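In what follows, a structure is listed as structure tokens, so that the remarks can point back to it.
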Amino acid sequence: MEPTATRSNPATSSNNSSSSSSSSSVLHLRQKHYGKNAALSYKEPLHIVRGQGCYLYDEAGSEYLDCVNNVASVGHANPQVAAAVSSQLGCLYTNSRYLSSDLTSYCQELTATLPDPLQVVYLVNSGSEANDLALRMASAAAAAQPHISGSSLKPQDHVVVMAGAYHGHLTSLIPLSPYKFWGKGGQGKQDWVHVMPCPDPYRGTNLDGAAAARAVLAEAAAAGGRVAAFFCESIISCGGQVVLPPGYLAAVYDVMHAAGVVCVADEVQTGFARCGDAFWAFQTQGVVPDIVTMGKPMGNGFPVGGLVTSHGLAGPFAAGGMEYFNTYGGNNAAVAAGRAVLQEIQQQQLQQRAGDTGRYLQASLRTLQARCPQLIGDVRGIGLFVGLEIVTCPVAKTPGPMFASAVKEAAKARRVLLSTDGPAENVIKIKPPLVFGRAEVDRLAAVLG
């Protein structure tokens, strides 16, 4: 299949010269006026001015294959999403305190993708807001539980997360994100947070989910706490594109549910058909979460996030009497974007495409791995959520972050965009728009080869 974007003419040398000057000016102004710890990608940042389908274009008209943007899931500048949002902005843009048939229709369409009893929707602006709300909801559920026998005091709410996890940038969520609190500038783990080791199927370690769950519950009890919530990305993303072993989440959920813990599936990066064979990544583990949080691809770049839960959990959250209001959550334009994304996924059969293309992608990468076994230690993923682990020694499986960074920069020089992540920054992430096809896989493989 041909790429979805129209090819641009090669830039002339004079255009390159003027664009270089323009980029330098933009970089200078950004450094002067924008937060310095808001990161830029690549050693020489790109000045991107346009996108279409799987492709991005810089100010000189040069085309780049985007292999990492899982926000523009139905393609950059998707005309149906853009038209839906534009039309709605020209008609009405207000909050969810008014009745809206579009809002209720969207809730029906969204919950139709989820198993029972997940039927109650809260719309917010981002994945971070969704996870913050999930934490509040889990705390309300814990508060509704009876006291520990023989005690007049309720224990402090504790939370369990996975090593390498990232659940958001809010003050409430940095403590739930080992990716941040054990990373550069982090302040370490809070006493009320317990971290389960991330499974590593490549190295064969930490594969027993039930044992890990029992261990953190015991750790919380010894500290005088009770675990209110277990947060887990259905595929560990910032932790290195780690696919959980078969049955892992089911075993963890069994232990957690027996202890009255609310299980939250963070689908901010992995949801909305990316896995191909399943609409939600948690479905590949055969579990039903108590809460599902979502964001990034939900509006194809328009700020939309959400949480879906059961009436059983939504009830205690509402019972306290405090109104939940989000100024932009559930606004008309956000709903229009969300509905258009769901329609595009269905009408363009993007879930099937993600599965088919993902299998072709992994086969291509494994062919490359067979040619470069000393460098490519592991190829893993589901659908269009794939990781390529770079090592310096295939026997010791020693992470190779410098090589991974070099691969990323070399690919960028050949106009293919990748990124790296994982605890050692040695995993190349591949999570492109869902309109990515076999032609794009072939181009990526040729560049990596």
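Could you check region 395-431 and list, in sequence order, the residues that are within 19 Å of ASP66 (Cα to Cα), of a type outside the set (A, V, I, L, M, F, W, C) and surrounded by fewer than 16 Cβ atoms within 10 Å (Cβ to Cβ)? Result: GLU409, ARG414.
Criterion applied to LEU40, LEU27 was being within 30 Å of ALA439 (Cβ to Cβ) and either surrounded by fewer than 16 Cβ atoms within 10 Å (Cβ to Cβ) or of a type in the set (Lys, Arg) (or both), and the one residue passing it is LEU40. Cβ-Cβ contacts under 7 Å between residues 6 or more apart (or on different chains), taken from a first residue in region 385-396 that is among the acidic types (Asp, Glu) to a second residue that is assigned to a strand (DSSP E or B), are listed as GLU389/GLY377; GLU389/ASP378; GLU389/VAL427. Just a yes or no: is a residue in region 395-403 of a type in the set (D, E, K, R) and part of a helix (DSSP H, G or I)? No, there is no match, as no residue in region 395-403 is of a type in the set (D, E, K, R) and part of a helix (DSSP H, G or I). Look through GLY315, GLY330, GLY321 and report the one residue that is farther than 29 Å from LEU418 by Cα and at pLDDT below 95. Criteria check complete, one pass: GLY321. Can you name every residue in region 279-289 that is in contact with a strand residue (DSSP E or B) (Cβ under 8 Å, 6 or more places away or on another chain) and touching a residue at least 40 places away in the same chain (Cβ under 8 Å)? TRP280, ALA281, PHE282, THR284, PRO289, listed by residue number.
Looking at (1) surrounded by 14 or more Cβ atoms within 10 Å (Cβ to Cβ); (2) under 24 Å from LEU244 (Cβ atoms), which is the one condition that is false for ASP157? Unmet condition: (2). For ASP254, the criteria (1) farther than 30 Å from GLY377 by Cα; (2) in contact (Cβ under 8 Å) with a residue 60 or more places away in the chain; (3) assigned to a helix (DSSP H, G or I) hold in every case but one, which is (2).
Restricting region 360-386 to residues that are part of a strand (DSSP E or B) and of a type in the set (D, E, K, R), the residue that is nearest to THR284 (Cα to Cα) is ARG380.
For region 199-214, the criterion of being surrounded by fewer than 21 Cβ atoms within 10 Å (Cβ to Cβ), among the β-branched types (Val, Ile, Thr) and assigned to a loop (DSSP other than H, G, I, E, B) is met by none of the residues.
For region 90-182, which fully contained helices (runs of 4 or more DSSP H) count at least 1 residues that are within 18 Å of the chain's Cα centre (by Cα) and farther than 21 Å from ASN331 by Cβ?
On the way: elements: 101-111, 127-143, 178-181.
Fully inside region 90-182 and qualifying: 127-143, 178-181.
Kindly establish whether ARG339 is over 17 Å from SER128 (Cβ atoms), in the same structural domain as ASP266 (by TED's automatic domain parsing) and either part of a helix (DSSP H, G or I) or at pLDDT 95 or above (or both). So ARG339 passes the test. Restricting the search to region 245-288, which residues are acidic (Asp, Glu) and under 22 Å from THR111 (Cβ atoms)? ASP266, GLU267, ASP277 - these are the residues of region 245-288 that are acidic (Asp, Glu) and under 22 Å from THR111 (Cβ atoms). For region 84-119, what are the residues that are free of Cβ contacts under 8 Å to residues at least 12 places away in the same chain and among the hydrophobic types (A, V, I, L, M, F, W, C)? Of everything in region 84-119, those that are free of Cβ contacts under 8 Å to residues at least 12 places away in the same chain and among the hydrophobic types (A, V, I, L, M, F, W, C) turn out to be LEU99, ALA112. Can you name the number of the only condition in (1) of a type outside the set (Asp, Glu); (2) part of a loop (DSSP other than H, G, I, E, B); (3) surrounded by fewer than 22 Cβ atoms within 10 Å (Cβ to Cβ); (4) outside the structural domain of CYS263 (by TED's automatic domain parsing) that ALA72 fails? Evaluating ALA72 over (1) of a type outside the set (Asp, Glu); (2) part of a loop (DSSP other than H, G, I, E, B); (3) surrounded by fewer than 22 Cβ atoms within 10 Å (Cβ to Cβ); (4) outside the structural domain of CYS263 (by TED's automatic domain parsing) leaves (3) as the failure.
The values are calculated or read from the model by the stated rules, or taken from the named source; none is laboratory data. Computed from a predicted structure; not experimentally measured. When we count neighbours, we look across all protein chains shown, and the Cβ atoms used for this are built from the backbone with ideal geometry, even at glycine.
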